[in-house]
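Everything on this sheet refers to the single structure shown next.
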Amino acid sequence: MVTLSDIRNAQTRLRAIAIRTPLIEFPLCDADPRRLFLKAENRQPIGAFKLRGAYNKIASLSPDERKRGVITYSSGNHAQGVAYAARALGTKAVIVMPDNAPAVKREATAALGAEIVFVGPGSLERQLKAEELAAQCGYVIVPPYNDELIIAGQGTMGLEIFEDLPNVEMILAPVGGGGMISGVAAAVKLSKPSIKVIGVEPVLAGDAQASLRAGKIVQFPAAEVVRTIADGLRTQSVGEINFLHIQEFVDDIITVTEDEIRLAMQYLSSNPATVAEPSGAVAVAGFIFHADQLPPAKLAVAILSGGNIDPKMLEEIRSVPA
């Protein structure tokens with residue numbers, strides 16, 4: 001299990017590379033007595049939080065391991081995080097991406113100097129390809145979520161939230177493979193156990209909620225999870241290490257519909273500072289549309305995990321009447 005010391009060590013490593021992102025208050029209707037702040041991870045150099053875990057992992061490798069190069073498997077944001085961190089540390093990066101990854105993410109990853117290998121849409125398929133190439137070429141695998149150094153890197157968000165808003169009562173985080181929520185939940189629960197930590201994921205990729213309810217990891221079919229607009233959350237199951245942290249530190253996981261995600265994106269797009277990709281908007285959707293499923297809290301933070309949205313999608317979202 002990741003410790004507070006692990007997360008603080010990651011925070012030290014990241015000072016020269018990741019931005020300490022701000023908390024931006026999100027306007028709610030006058031009738032809503034709650035206050036919501038957004039952890040604006042869309043401000044990171046790669047436009048998403050994934051840089052935190054990727055850099056912490058690669059910076060922790062030995063010089064010999066870095067010489068061999070690194071490989072990962074990702075639908076986009078972790079791909080960019082690994083490519084950015086590898087370039088900063090002088091290491092070759094190979095990325096296995098699904099062929100349905102958004103063009104904006106494919107192009108950004110290539111622009112950072114990574115070698116890209118495309119496979120089908122299933123998260124398990126890209127993981128197996130990465131493991132095959134690692135065995136053949138000697139690359140070091142940088143997992144997108146199932147790794148304690150990745151978890152500790154993502155947990156630095158939790159430390160920042162607690163330091164900047166110590167009276168926070170609830171934190172909502174998107175859930176894909178579980179790297180973010182594992183780290184954030186560990187950071188805040190080990191700092192102040194009374195803070196509620198709630199995961200949010202699409203109904204169409206609700207494997208983490210199903211796993212928490214069942215008490216064991218539940219895997220969803222690739223054909224089901226690829227239907228969600230939230231491309232960064234199309235994982236078929238949470239990681240084993242992540243699930244241990246979720247069971248230990250996460251209070252609940254709720255799900256949101258595709259329409260709720262789109263509406264949250266539309267609300268967020270009214271402020272240029274809070275434009276979110278679909279995966280980045282799910283925590284806000286959970287807060288707005290599922291108050292009845294949340295613990296009572298007057299002061300909350302939703303993690304806006306990324307802003308790497310295709311311009312055409314953003315235009316479409318903004319053009320639909322609210």
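Computed values, structure above
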read-out: Residue check, Asn77 surrounded by 16 or more Cβ atoms within 10 Å (Cβ to Cβ) and not assigned by TED's automatic domain parsing to the domain that holds Met180; value: yes
read-out: Subset of segment 80-91 (residues that are of a type in the set (A, V, I, L, M) and either surrounded by 21 or more Cβ atoms within 10 Å (Cβ to Cβ) or touching a Lys or Arg at 6+ places or on another chain (Cβ under 6 Å) (or both)); value: Val82, Ala83, Ala85, Ala86
read-out: Members of segment 51-79 that are within 11 Å of Thr109 (Cβ to Cβ) and modelled with pLDDT of 95 or more; value: Thr72
read-out: Residue among Gly90, Gly47 that alone is touching a residue at least 60 places away in the same chain (Cβ under 8 Å), in contact with a helix residue (DSSP H, G or I) (Cβ under 8 Å, 6 or more places away or on another chain) and at positive phi; value: Gly47
read-out: Residue ID - farthest from Ala31 (Cα to Cα), chosen from residues in segment 247-300 that are of a type in the set (Ser, Thr, Tyr) and surrounded by fewer than 16 Cβ atoms within 10 Å (Cβ to Cβ); value: Thr257
read-out: Matching entry among Lys105, Lys57 (being surrounded by 21 or more Cβ atoms within 10 Å (Cβ to Cβ), under 19 Å from Ala230 (Cα atoms) and touching a residue at least 12 places away in the same chain (Cβ under 8 Å)); value: Lys105
read-out: Matching residues in segment 108-125 - criterion: being in contact with a helix residue (DSSP H, G or I) (Cβ under 7 Å, 6 or more places away or on another chain), surrounded by fewer than 18 Cβ atoms within 10 Å (Cβ to Cβ) and more than 11 Å from Ser74 (Cα to Cα); value: Gly113
read-out: Test: Gly138 is surrounded by 21 or more Cβ atoms within 10 Å (Cβ to Cβ), modelled with pLDDT of 95 or more and of a type outside the set (A, V, I, L, M, F, W, C); value: no
read-out: Every residue from segment 7-40 that is part of a loop (DSSP other than H, G, I, E, B) and crowded, with 17+ Cβ neighbours inside 10 Å; value: Ile17, Ala18, Thr21
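The values are calculated or read from the model by the stated rules, or taken from the named source; none is laboratory data. In this text the structure is predicted, and so the values were computed from the model without any measurement. Here the Cβ is made from the backbone with ideal geometry for all residues, glycine too, and neighbour counts use every protein chain on show.
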